[in-house]
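Written below as structure tokens is the structure these notes are about.
The values are calculated or read from the model by the stated rules, or taken from the named source; none is laboratory data. None of the values given here were measured: they were computed from a predicted structure. Every residue, glycine among them, receives a Cβ derived from its backbone with ideal geometry; neighbour counts consider all protein chains shown. Ligands, DNA and RNA are stripped out before the accessible areas are found, and what is left, the full protein with its side chains, is counted by its heavy atoms. Shrake-Rupley method; radii C 1.70, N 1.55, O 1.52, S 1.80 Å.
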Amino acid sequence: MRKNGIIMFSDIYAALSGGMGCIMDKNAEMAQLLFADIKKTPEDFEKKYPARDLPEGAKVTRFAPSPTGFLHLGSLFAAFVSQRAAKATGGVFYLRIEDTDKKREVKDGVTGIVEGLEDFGICPDEGMINETESKGAYAPYIQSHRTHIYQAYVKSLVEQGMAYPCFMTEEEIATVREQQEAEKKLPGIYGEYAKYRDITVEEAQKLMDEGHEYVLRLKSPGKPDGKVSFKDAVKGSIEMPENILDVVLLKKDGTPTYHFAHAVDDHLMHTTDVTRGDEWISSTPIHLQLFKVLGFKAPKYAHISPIMKEDAETGGKRKLSKRKDPEAAVSYYKEAGFPKEAVLEYLMTIANSNFEDWRRANKTAPIDDFKFSLSKMSKAGALFDLVKLNDISKNYISTLDTETVYSGTIEWAREYNEKLYKLLTENEAYARAILGIERGNAKPRKDIGKWEDVENYLAYFYDELWDRKFDFADNLSKEDMAEIIEEYKKIYNPSASAEEWFPSVRDLSERLGYAKSPKDYKKDPDAFKGHVGDVSGVIRAAATGRRNTPDLYEILQTLGYDEVMKRFDEALNVLKG
């Protein structure tokens, strides 16, 4: 009766046919009437898609979106979790496109999904690679190309008396629903409301000849008082009422519903674990019932909570909204220039609560070394924190070498900032020198959180970007600041080493009446105009226009003597004007 743990349709047929020949004959007649063009059987597809040759315990997971719009951050998170679950066990993660709802499909939707995943390093082992092509032995990975498979399985269910054609019109269904609502009963087609549940072949033939449209429904074996229980990898043990609805398997045009298609696909592609949003929990009894009547082993389910956001208007929490939140779209992060590695680091912090402790103990280890577990996911919705993502991204970029920062910026600017791209590629050595300032230090600066920040970060190095404004501190007079610049111009030596540079500023400070250290100034502030930090701050603002920058010595070296002198003169004009 079983082959590789799967109940075979031929065995069911043989077991039931003895003593029930008349009924089976009628079912076979109905199946032939409805599916005369379907010649292949479920057994043909079982042979075509054999079990995967994988290590024991390896998970086969999938991301199965509809090509109906932009890739949502929540979808990226679900794909990331599915990929990690497979990767952690030496399994397979594949991309399947569920495009049975053609009304909502958008142009190039599949390509958008594929590219959106690739932009953030989530590359499936199998599945669709563009609108028409795929890789992997379980193709096609797009449901609109698998209609003949679904119809073969529905035909088999009809042969077993487990499915039937339903000719109810939309008006009839609406009337039934109104009656059920008035009587406070479960809405749907089942039991006494399933008008065509016991339709004969002759009746079906007559209605078809008259041109009436129909769907194929499951003849649900569920009982009104029945219960179904399953262990969810995230939520734990769940018990729910058994499904009693005669759900639609095939729509009027012969295409499958999501419920039915995913059951067939997950079986034939040998999916072991399904990770999806917790809004699907309510449908799980239907899905488990479909696996059972089809004779399939059901996959394990992991229902993940949605990513939430604090609502500024209400003070409460809500789901990230496509309409309200630009950060809901995955494209937002690419356009802003968040490195994919930083985005994945952030997603892992909300995927597994123990990841941050692991990261603190393994600062330089690749994320793949972390042992991801579905069981360690939060049962409640994670709260999206853009500030935290930015901090993680700053920390990540601060660890990169100059060449990686340069190439990352160039790659982003080529698409999103033509002006910056032109500047950085006209003089690559100069651009690298700028981006290399203080890079590689034991405690690197964290000025850049995303490639979008680079323009402002280095603006004062380029005439085309710098606004030529000088943001001097307000604790010294203009006269004192002008004096500092004039005197520093006399002693500035571009050939001095980094070790020699600051002592020269300190000596200048003392000569002009400033304390050689903030500590000395604090002991006796009345004895000094200020301290060496004030002096270097004036030099910094005169050279860059800013109060806060990376290492001033390196900046002056990178700008070059002539440019530094030119800026000092401009600053003096501002202070004296």
Does K195 count as on the phi > 0 side of the Ramachandran plot, assigned to a loop (DSSP other than H, G, I, E, B) and open to solvent by 30 Å² or more (accessible area, probe 1.4 Å)? no
Counting residues that are surrounded by fewer than 16 Cβ atoms within 10 Å (Cβ to Cβ), which helices (runs of 4 or more DSSP H) fully inside the stretch 490-552 reach at least 2? 498-511, 518-523
Report yes if G127 is in a loop (DSSP other than H, G, I, E, B), on the phi > 0 side of the Ramachandran plot and not aromatic (F, W, Y), otherwise no. no
Considering only helices (runs of 4 or more DSSP H) fully contained in the stretch 369-470, which possess at least 2 residues that are open to solvent by 80 Å² or more (accessible area, probe 1.4 Å) and not aliphatic (A, V, I, L, M)? 402-416, 418-426
Output for Cβ contacts, cut-off 6 Å, separation at least six or different chains, first residue of a type in the set (D, E) in the stretch 355-381, second surrounded by 13 or more Cβ atoms within 10 Å (Cβ to Cβ), reads E356/T349
Would it be correct to say that E115 is surrounded by fewer than 16 Cβ atoms within 10 Å (Cβ to Cβ), under 18 Å from the mean Cα position of the chain (by Cα) and of a type outside the set (S, T, Y)? yes
Members of the stretch 44-76 found to be open to solvent by 10 Å² or more (accessible area, probe 1.4 Å), assigned to a helix (DSSP H, G or I) and either over 22 Å from N130 (Cβ atoms) or not hydroxyl-bearing (S, T, Y) (or both), listed by number: D44, E46, K47, K48, G74
Being touching a residue at least 12 places away in the same chain (Cβ under 8 Å) and more than 21 Å from L572 (Cα to Cα) is the filter; apply it to the stretch 478-503 and report the residue that is nearest to the chain's Cα centre (by Cα). A498
Among residues of the stretch 77-100 being assigned to a loop (DSSP other than H, G, I, E, B) and without any contact (Cβ under 8 Å) to a residue 40 or more places away in the chain, the residue surrounded by the fewest Cβ atoms within 10 Å (Cβ to Cβ) is G90
Going through the stretch 148-176 in order, the residues found to be open to solvent by 30 Å² or more (accessible area, probe 1.4 Å) and within 34 Å of the chain's Cα centre (by Cα) are H148, Q151
Quick check on my filter: what residues within the stretch 1-43 are in a loop (DSSP other than H, G, I, E, B) and modelled with pLDDT of 60 or more? F35, A36, D37, I38, K39, K40, T41
If I filter the stretch 306-331 down to residues being outside any loop (DSSP other than H, G, I, E, B) and free of Cβ contacts under 8 Å to residues at least 12 places away in the same chain, which single residue comes out as least open to solvent (accessible area, probe 1.4 Å)? R318
Filter the strands (runs of 3 or more DSSP E) completely within the stretch 222-305 down to those with at least 1 residues that are over 27 Å from the mean Cα position of the chain (by Cα). 227-232, 236-241, 248-250
When both residues are 6+ apart or on different chains and their Cβ atoms are under 6 Å apart, which pairs have a first residue that lies in the stretch 249-274 and is open to solvent by 30 Å² or more (accessible area, probe 1.4 Å), and a second that is among the acidic types (D, E)? K252/E213
